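No lab work stands behind these numbers, since they all come straight from the coordinates. Everything numeric here is computed off the predicted structure, so don't read it as measured data. Positions of Cβ are generated from backbone atoms using ideal geometry, with glycine treated the same way; all protein chains shown enter the neighbour counts.
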Amino acid sequence: MRTNLLVIYTTRVEECRDFYTSLGMDLRSERHGTGPHHYAAELADGTVFEIYSAAEGQETGRLRLGFTLTGVPGQRVLHDPDGRAVEVHGS
């Protein structure tokens, strides 16, 4: 088994998009049919990462994410605009 989809819901869509883009994700604007606008990126292992707008109080809860980034030295923990811990490992 492996992860193939990770979706976060936020009231700060653009701020989160900017944060995850700064980590190197190629987030693209998407909308499927009459569904909601969102951002999506396919990661190197094929996992799809998406950011959707959430109604106040419907955000993704406490969550810790980890990503390995090429060309980034060391390891550190950052926090996205919603306060989620994002562990960054260099490769």
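One-quarter of the Cα convex hull surface for the chain, in nm²? Kindly include the intermediate steps, with their values, before the conclusion.
On the way: hull surface 25.9 nm².
With the hull built on Cα positions only, its mean projection is 6.5 nm².
What is the gain in length, in nm to one decimal, between Arg2 and Val72 on full extension, counting 0.36 nm per residue of separation less the C-alpha to C-alpha distance?
On the way: separation 70, 0.36 × 70 = 25.20 nm, distance 2.45 nm.
Length gained between Arg2 and Val72: 22.8 nm.
Residues with amide H under 5 Å of Leu69's amide H, sequence separation 5 or more or different chain, H placed in the peptide plane at 1.01 Å from N; which?
Sorted by chain and number, the residues that satisfy this are His89, Gly90, Ser91.
So how far apart, in nm, are the two label points at Ala85 and Leu43 if each is 7 Å from Cα heading toward Cβ?
Once both label points are built, they end up 1.6 nm from each other.
Please list, short to long, the whole-number percent of alpha-carbon pairs of the stretch 1-45 in consecutive 5 angstrom bins beginning at zero.
Once binned at 5 Å, the Cα pair distances of the stretch 1-45 give 5, 18, 28, 26, 15, 7, 1.
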